[in-house]
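Here's the structure we're looking at; comments come further down.
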Amino acid sequence: MIRRLLVIAFLMLSAWPAFAVNPDEVLADPALETRARGLSAQLRCMVCQNQSIDDSNAELAKDLRLLVRERITNGDSDEAVIGYVVSRYGEFVLLNPRFETKTLLLWGAPVVLLLAGAVAMLVAARRRTGKVTGTALSADEQARLDAVLKD
Amino acid sequence: MIIELGHYALVLALATSLLQAVLPIIGALRNDHALMEIGTVAAKATFLLMALSFGVLTYAHVTSDFSVQNVWENSHSQIPLIYKFSGVWGNHEGSMLLWVLILTFFSALVAVFGNNLPETLKANVLAVQAWIAVSFSLFILLTSNPFNRLLDAPGEGRDLNPVLQDIGLAIHPPLLYLGYVGFSVCFSFAIAALIEGRIDAAWARWVRPWTLAAWTCLTAGISMGSYWAYYELGWGGWWFWDPVENASFIPWLAGTALLHSALVMEKREALKIWTVLLAIMTFSMSLLGTFLVRSGVLTSVHAFATDPTRGVFILMILILFIGGALSLFAFRAAHLKAGGLFAPISREGALVFNNLILTTAAATVLIGTLYPLALEAVTGAKISVGPPFFNMTFGLLMLPLMLAVPFGPLLAWKRGDLLGAGQRLFAAVAFGLVVGSVIYYAQNGGPIMALFGIALGAYMIAGSLTELFLRSGLGKVTGAVAWRRVSGLPRSVFGTALAHIGLGVTLIGIVAVTAFETEHIVEMKPGMTTDAGGYTLRFDGLRNGKGPNYSEESGHFTISQAGSEVAEVWSSKRFYTARQMPTTEAGIRTFGLSQLYVSLGDDMKDGGVVVRVWWKPMILCIWLGTVFMMAGGAVSLSDRRLRVGAPARAKKQKKPVLEPAQ
């Protein structure tokens, strides 16, 4: 936490803390603006520490916000806007990494872990219940039981 | 001279730690009482020496002794006393010293309160604690010495980072470390059990209070840090899935799992091996967090590579302890006999389910945090893993767990009745649905997921109360009898209910603020108004002011509702002269559990100023829920059974109280 505060403080060195989205950037159409905000929250400010362009007050973030709004106003779909930004800045800008070979482990891990854990749980449970009900008596035990019952 | 005394005390503490690290364990092997007893003495001595060392550093900060490099870099003669004081740990070196101080504090607690532990177990636990203390004392002395002097003492310090000049710094790190480092005791107990190759329910009974205490502190630390970031950073966010936050959240998730599995072990002698592994993993995550935060690896892999001394040192500690512990586990776990049988549908089964989800969640956050670093190191490809990823994966994992929370306490040990528990939760489900519908009408609709989330929170609250209600037998017996029954219940039952209620409250806060928050970004001139959350905010004008080490510009706002003034609020921007650094001091007004959050932005040429106003409905629920969780932890901790050394409850009670078997 402290570290992040420090980094953020460092990034604010330039001037008075400015805001992320400024009034002059806001689109007139509320529906388009909502879309722009949604997209901005998924794009990383490249010069910041773990901030989206929606939260950041860096110049580059502002440029990207304007770019996103420009594409939206030109009628691009959300996917097209994201695709365009990625084509210019690389996948590093995506805060939500795409599902592909190199992120297979990232996306797959929760599912695999959950399944592996569930299987382990079931196996352990079966082993336990197996113990509870017990296996068939050995011939020796059966003989002793018979002997006892006869008495 | 005094500074050198502190330095010397630190070196001496290392020496006593070394004794504590070696002698008791030899004593335990040879069954030599005198050697084992040395561990107890050395643990107390180490703590006192550490405290002395820390006290000296504090003295240097409070008296602004700028001949000490650490003070010069992180303090200023003009800052208020509280920041001189908290500035001791507002930097790398001091923070590490606090870390070790708290570690030795816990060792001393074991030494003082562990008189009824089996002698060899206590000796081994203290030795393991000392191994950790030795490693980190060496780390401080070799790479991060806070007592380094400057040859020419400068006249003025470079000031404490302005963002840290807040009461939050005085509280947040100590609480966080009490939690983080508190898990070291569980780790040491686990290693000691592996060394001895013996573990029983009594072991779990000793481990549980430590886990509870550490968990409660960690909950407080994380929650406090979240609120601090919320009001200090000035854009109203309260959780960012930042690697530094994750570094404390992963041990919290693992610790929460440990809390629950230790319960199974204590009550039913089951899950022994798993509990030991979890105790090891929880503290390993604390160590990993320390590495992530302290090595600089997070800022950038390259920064880490250019000055790797500190990072590599902690990495070695990390490998040594995690690797060593896991190897020991691999060799010795087979010696720990599993016991306690149970059916999949049972209280134990529910707690196993809890552990499955929580450990998967911890692993998911861990992998998400480390993946970009690992991928870049291996392939050179740069990707980001941010809030959208964590929100989705974590949210999906938590959903089944939250649905299951009220079921757990209603299931019987060994073999439970899922259908019966479901029937008893009927009222809770109905309550959740009613609350969801009420919100639906109040908000004129709203996102379906948000309504579901709030209903889920309400269901968890009602479901957690269901157990207390059923146990009291209210409705079947008279009020007086019900009251007697409830007051006769073990404290841990209330602790469980409180913590689970807290989870519901936090969920409601998170969902409400995410779905129904409103934000207004406007350019305002004096006299102009804007509306937010049913209130009207009037901007009255700006005023310039001056603090001891900063200048500030403050905006005054009058808040009115339906034409009548109800409150006023100041929102400021500060500029700290020594570091040439600006900060925002957001103006926050609380209405019930909701808040109005006002931040000042750029000044406009025409005399206006950019103002950002948020209406944050029910936001206080987020932290209120964690207060419930902490209260739950504290209440459970006060349970007689958990107080190690508490004499068994007197046999004859005034009136025997019938209560269902646990």
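The values are calculated or read from the model by the stated rules, or taken from the named source; none is laboratory data. Quantities reported herein were computed from a predicted structural model and do not represent experimental measurements. So basically every Cβ, Gly included, is an ideal-geometry build from the backbone, and we count neighbours across all protein chains shown.
Look at segment B:593-616 and say how many of its residues are of a type outside the set (Asp, Glu), touching a residue at least 12 places away in the same chain (Cβ under 8 Å) and surrounded by fewer than 20 Cβ atoms within 10 Å (Cβ to Cβ).
4
Being surrounded by 18 or more Cβ atoms within 10 Å (Cβ to Cβ), of a type in the set (Ser, Thr, Tyr), more than 7 Å from chain A (Cβ to nearest Cβ) and assigned to a helix (DSSP H, G or I) is true for just one of B:360, B:369. Which residue is that?
Numbers: B:360 fails: more than 7 Å from chain A (Cβ to nearest Cβ).
The conditions single out B:369.
When the residues of segment B:574-592 are narrowed to those that are buried (at least 18 other Cβ atoms within 10 Å of the Cβ) and of a type in the set (Ser, Thr, Tyr), which ends up farthest from the other protein chains (Cβ to nearest Cβ)?
That would be B:576.
Out of all the residues in segment A:43-81, which are at the interface with another protein chain (Cβ under 10 Å from one of its Cβ atoms) and in contact with a Gly (Cβ under 8 Å, 6 or more places away or on another chain)?
Result: A:44, A:50, A:52, A:55.
Mind checking which residues of segment B:365-424 are under 14 Å from residue A:105 (Cβ atoms), touching a residue at least 12 places away in the same chain (Cβ under 8 Å) and polar (S, T, N, Q)?
B:369, B:393 - these are the residues of segment B:365-424 that are under 14 Å from residue A:105 (Cβ atoms), touching a residue at least 12 places away in the same chain (Cβ under 8 Å) and polar (S, T, N, Q).
Tell me, which residue of segment A:76-85 that is farther than 15 Å from residue A:61 by Cβ and of a type outside the set (Asp, Glu) is surrounded by the fewest Cβ atoms within 10 Å (Cβ to Cβ)? Give the steps one after another, and end with the answer.
Quick first cut of segment A:76-85, residues farther than 15 Å from residue A:61 by Cβ only: A:76-84.
Now drop any that are not of a type outside the set (Asp, Glu), which leaves A:77, A:80-84.
Working: A:77: 11, A:80: 13, A:81: 21, A:82: 20, A:83: 13, A:84: 14.
Applying the filter and picking the extreme gives A:77.
Tell me which residues, restricted to segment A:58-80, are in contact (Cβ under 8 Å) with a residue 24 or more places away in the chain and out of contact with any strand residue (DSSP E or B) (no Cβ under 9 Å at 6 or more places or on another chain).
Within segment A:58-80, A:58, A:62, A:66, A:69, A:72, A:73, A:78 qualify.
Given the conditions (1) surrounded by fewer than 23 Cβ atoms within 10 Å (Cβ to Cβ); (2) facing chain A (nearest Cβ under 10 Å), report the number of the one that residue B:202 does not fulfil.
So the condition that residue B:202 fails would be (2).
With among the basic types (Lys, Arg) and either surrounded by 13 or more Cβ atoms within 10 Å (Cβ to Cβ) or under 26 Å from residue B:397 (Cα atoms) (or both) as the only criterion, which of A:144, A:88, A:69 stands out? Step through it out loud before you land on a result.
On the way: A:144 fails: either surrounded by 13 or more Cβ atoms within 10 Å (Cβ to Cβ) or under 26 Å from residue B:397 (Cα atoms) (or both); A:88 fails: either surrounded by 13 or more Cβ atoms within 10 Å (Cβ to Cβ) or under 26 Å from residue B:397 (Cα atoms) (or both).
Being among the basic types (Lys, Arg) and either surrounded by 13 or more Cβ atoms within 10 Å (Cβ to Cβ) or under 26 Å from residue B:397 (Cα atoms) (or both) holds for just one of A:144, A:88, A:69, which is A:69.
Kindly indicate whether residue B:530 is polar (S, T, N, Q) and touching a Phe, Trp or Tyr at 6+ places or on another chain (Cβ under 9 Å). Step through it out loud before you land on a result.
Numbers: polar (S, T, N, Q): yes; touching a Phe, Trp or Tyr at 6+ places or on another chain (Cβ under 9 Å): yes.
When the stated conditions are applied, residue B:530 passes them.
Please pick out the residue among B:549, B:544 that is loosely packed, with under 14 Cβ neighbours inside 10 Å and not charged (D, E, K, R).
B:544
For segment A:65-94, which residues satisfy the criterion of being aliphatic (A, V, I, L, M), part of a helix (DSSP H, G or I) and closer than 22 Å to residue B:381 by Cβ?
We begin by selecting, within segment A:65-94, every residue aliphatic (A, V, I, L, M); these are A:66-68, A:72, A:80-82, A:85-86, A:93-94.
Checking which are part of a helix (DSSP H, G or I) leaves us with A:66-68, A:72, A:80-82, A:85-86, A:93.
Residues satisfying the conditions are A:82, A:85, A:86, A:93.
So, residue A:60, is that one within 30 Å of residue B:243 (Cβ to Cβ), modelled with pLDDT under 90 and either of a type in the set (D, E, K, R) or out of contact with any Asp or Glu (no Cβ under 6 Å at 6 or more places or on another chain) (or both) or not? Talk me through it step by step, then tell me what you get.
Values: within 30 Å of residue B:243 (Cβ to Cβ): yes; modelled with pLDDT under 90: yes; either of a type in the set (D, E, K, R) or out of contact with any Asp or Glu (no Cβ under 6 Å at 6 or more places or on another chain) (or both): yes.
So residue A:60 passes the test.
With the requirement that a residue be closer than 19 Å to residue B:99 by Cβ and within 14 Å of chain A (Cβ to nearest Cβ), what does segment B:308-348 give you?
Across segment B:308-348, the qualifying residues are B:310, B:311.
Taking the stated definitions as given, is residue B:506 within 14 Å of chain A (Cβ to nearest Cβ), of a type in the set (S, T, N, Q) and either surrounded by fewer than 21 Cβ atoms within 10 Å (Cβ to Cβ) or touching a residue at least 40 places away in the same chain (Cβ under 8 Å) (or both)?
Details: within 14 Å of chain A (Cβ to nearest Cβ): no; of a type in the set (S, T, N, Q): yes; either surrounded by fewer than 21 Cβ atoms within 10 Å (Cβ to Cβ) or touching a residue at least 40 places away in the same chain (Cβ under 8 Å) (or both): yes.
Considered against the rule, which asks whether it is within 14 Å of chain A (Cβ to nearest Cβ), of a type in the set (S, T, N, Q) and either surrounded by fewer than 21 Cβ atoms within 10 Å (Cβ to Cβ) or touching a residue at least 40 places away in the same chain (Cβ under 8 Å) (or both), residue B:506 comes out as no.
If residue B:152 satisfies every condition in (1) charged (D, E, K, R); (2) buried (at least 20 other Cβ atoms within 10 Å of the Cβ); (3) free of Cβ contacts under 8 Å to residues at least 60 places away in the same chain but one, which is the exception?
Result: residue B:152 passes all but (2).
Where in segment B:1-90 are the helices (runs of 4 or more DSSP H), entirely inside, with at least 3 residues that are within 24 Å of residue B:111 (Cα to Cα)?
Values: elements: B:2-30, B:33-62, B:69-74, B:81-86.
Once the helices (runs of 4 or more DSSP H) in segment B:1-90 are filtered for at least 3 residues that are within 24 Å of residue B:111 (Cα to Cα), what remains is B:2-30, B:33-62.
Could you give every pair whose Cβ atoms fall below 9 Å, whose first residue belongs to segment B:31-43 and is more than 9 Å from residue B:123 (Cβ to Cβ), and whose second residue is among the acidic types (Asp, Glu), counting only separations of at least 6 or pairs across chains?
From residues that are more than 9 Å from residue B:123 (Cβ to Cβ), the pairs are B:31/B:119; B:33/B:119.
Please go through segment A:92-106 and pick out each residue that is facing chain B (nearest Cβ under 8 Å) and either in contact with a strand residue (DSSP E or B) (Cβ under 8 Å, 6 or more places away or on another chain) or free of Cβ contacts under 8 Å to residues at least 40 places away in the same chain (or both).
Here is the first cut: in segment A:92-106, the ones facing chain B (nearest Cβ under 8 Å) are A:92-97, A:102-103, A:105-106.
Hits for segment A:92-106 are A:92, A:93, A:94, A:95, A:97, A:102, A:103, A:105, A:106.
Being more than 33 Å from the chain's Cα centre (by Cα) and without any contact (Cβ under 8 Å) to a residue 40 or more places away in the chain is the requirement here; does residue B:455 meet it?
No: the conditions fail for residue B:455.
Within segment B:372-405, how many residues are within 30 Å of residue B:504 (Cα to Cα) and either within 7 Å of another protein chain (Cβ to nearest Cβ) or assigned to a helix (DSSP H, G or I) (or both)? Reasoning before the result, please.
Residues of segment B:372-405 that are within 30 Å of residue B:504 (Cα to Cα), as a first pass: B:385-405.
Still in the list and also either within 7 Å of another protein chain (Cβ to nearest Cβ) or assigned to a helix (DSSP H, G or I) (or both): B:385-404.
Residues meeting the conditions: 20.
Restricted to segment B:423-444, and to residues that are farther than 17 Å from residue B:460 by Cβ and either in contact with a Leu (Cβ under 7 Å, 6 or more places away or on another chain) or surrounded by 16 or more Cβ atoms within 10 Å (Cβ to Cβ) (or both), which residue is modelled with the lowest pLDDT?
Restricting to residues being farther than 17 Å from residue B:460 by Cβ and either in contact with a Leu (Cβ under 7 Å, 6 or more places away or on another chain) or surrounded by 16 or more Cβ atoms within 10 Å (Cβ to Cβ) (or both), the top hit is B:443.
Return the residue satisfying two criteria in turn: it lies in segment B:49-74 and is under 16 Å from residue B:96 (Cα atoms) and touching a Ser or Thr at 6+ places or on another chain (Cβ under 6 Å), and of such residues it is modelled with the highest pLDDT.
My answer is B:50.
Give me the residue from segment A:119-141 that is modelled with pLDDT of 75 or more and facing chain B (nearest Cβ under 8 Å) and, out of that set, surrounded by the fewest Cβ atoms within 10 Å (Cβ to Cβ).
Checked segment A:119-141; the qualifying residue surrounded by the fewest Cβ atoms within 10 Å (Cβ to Cβ) is A:122.
Look through segment B:228-246, keep the residues that are touching a Gly at 6+ places or on another chain (Cβ under 8 Å) and more than 9 Å from chain A (Cβ to nearest Cβ), and return whichever of them is nearest to residue B:366 (Cα to Cα). Working first, answer last.
Here is the first cut: in segment B:228-246, the ones touching a Gly at 6+ places or on another chain (Cβ under 8 Å) are B:228-230, B:232, B:241, B:245-246.
Cutting the leftovers down to more than 9 Å from chain A (Cβ to nearest Cβ) gives us B:230, B:246.
Numbers: B:230: 23, B:246: 7 Å.
Ranking the qualifying residues of segment B:228-246, first place goes to B:246.
In segment B:80-109, which residue that is among the β-branched types (Val, Ile, Thr) and either crowded, with 24+ Cβ neighbours inside 10 Å or within 21 Å of the chain's Cα centre (by Cα) (or both) is nearest to residue B:135 (Cα to Cα)? Spell out the reasoning first.
Residues of segment B:80-109 among the β-branched types (Val, Ile, Thr): B:82, B:88, B:100, B:102, B:104.
From what is left, the residues that are either crowded, with 24+ Cβ neighbours inside 10 Å or within 21 Å of the chain's Cα centre (by Cα) (or both) are B:88, B:100, B:102, B:104.
Details: B:88: 21, B:100: 10, B:102: 14, B:104: 12 Å.
Top of the filtered list is B:100.
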